[in-house]
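Student: Got a structure for you, questions after.
The values are calculated or read from the model by the stated rules, or taken from the named source; none is laboratory data. Owing to the predicted nature of the structure, the values given are computational and were not obtained by experimental measurement. So basically every Cβ, Gly included, is an ideal-geometry build from the backbone, and we count neighbours across all protein chains shown.
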Amino acid sequence: MSHVQVGSRRLAVDFFSYTHRISTQFAIRGGRPLMDTLNDHTLSYIELDIAYVSRIDEPGELIADYTISILRKENISFCLVAAQIEMAVKAAPPAQYFARRSRQVFCTVPSFEITGVIDVPGNVDLHKMMAIGVERFMPIYKATATISLLQSVAFSGDLILVNKEAIEVFCIGEAAAATTTPQGSG
């Protein structure tokens, strides 16, 4: 069972499955960003200390709340981080940061359309981007997730980590100006 550890920092995160939203204060342990935990192939689940569960079409109505719960990573479509993205992703090394470009992105996962900005190398290779390999979850910055069949319900934040295995369609826009906001902050 998971218990809040002394010295662990907390990150407000909303995890989305195909049908539900799980809101939590995720414990960042040992300085390990959320994305590293999601991409850790040695664990198929994430332990949550507190979980508030709602249906995606009625996000303000809680149907359950528990102090201890577990979430299977394969069933996470995406997770939304409203702020403090430095606790969710590592900062890009300076050399890599300057070689990247920001591009508009649109993708769909079951029940949602996600828009935002993605940082990519100058020569984009969608096959490599979509390969699961080490990183199962991909960061989309300044992102919004809208329910496909209920366009009046949208969730926005500084960062969405989308599960590549849940992506149905992935579209990327033309190159924009050089990246102006680094991944994470340290």
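Student: Go through the range 12-27 residue by residue and tally those that are over 17 Å from ALA82 (Cβ atoms) and under 13 Å from the mean Cα position of the chain (by Cα).
Tutor: 1
Student: For the range 136-176, which positions are acidic (Asp, Glu) and either surrounded by 16 or more Cβ atoms within 10 Å (Cβ to Cβ) or without any contact (Cβ under 8 Å) to a residue 24 or more places away in the chain (or both)?
Tutor: Correct list: ASP158 only.
Student: Residue by residue through the range 76-102, note down the ones that are at pLDDT 90 or above and either part of a strand (DSSP E or B) or surrounded by fewer than 17 Cβ atoms within 10 Å (Cβ to Cβ) (or both).
Tutor: PHE78, CYS79, LEU80, VAL81
Student: Report every pair of residues separated by at least 6 positions or lying on different chains whose Cβ atoms are under 8 Å apart, first residue within the range 109-128 and assigned by TED's automatic domain parsing to the domain that holds SER156, second assigned to a helix (DSSP H, G or I).
Tutor: Hits for this filter: VAL109/ALA166; PRO110/ALA166; VAL120/MET129.
Student: Further, regarding this structure: Tell me whether the range 28-45 contains one or more residues that are modelled with pLDDT of 95 or more and either over 19 Å from the mean Cα position of the chain (by Cα) or not aliphatic (A, V, I, L, M) (or both).
Tutor: No, the range 28-45 contains no residue that is modelled with pLDDT of 95 or more and either over 19 Å from the mean Cα position of the chain (by Cα) or not aliphatic (A, V, I, L, M) (or both).
Student: So which residues in the range 161-175 are among the hydrophobic types (A, V, I, L, M, F, W, C) and over 12 Å from PHE106 (Cα atoms)?
Tutor: Matches in the range 161-175: LEU161, ALA166, ALA175.
Student: Would you check if GLY60 is over 24 Å from ILE167 (Cβ atoms), touching a strand residue (DSSP E or B) at 6+ places or on another chain (Cβ under 9 Å) and part of a strand (DSSP E or B)?
Tutor: The answer is yes for GLY60.
Student: Continuing with this model, one more query. Test each condition in (1) under 17 Å from the mean Cα position of the chain (by Cα); (2) free of Cβ contacts under 8 Å to residues at least 60 places away in the same chain; (3) farther than 17 Å from PHE15 by Cα for LEU48 and report the one that comes out false.
Tutor: Checking LEU48 against (1) under 17 Å from the mean Cα position of the chain (by Cα); (2) free of Cβ contacts under 8 Å to residues at least 60 places away in the same chain; (3) farther than 17 Å from PHE15 by Cα, the one that fails is (3).
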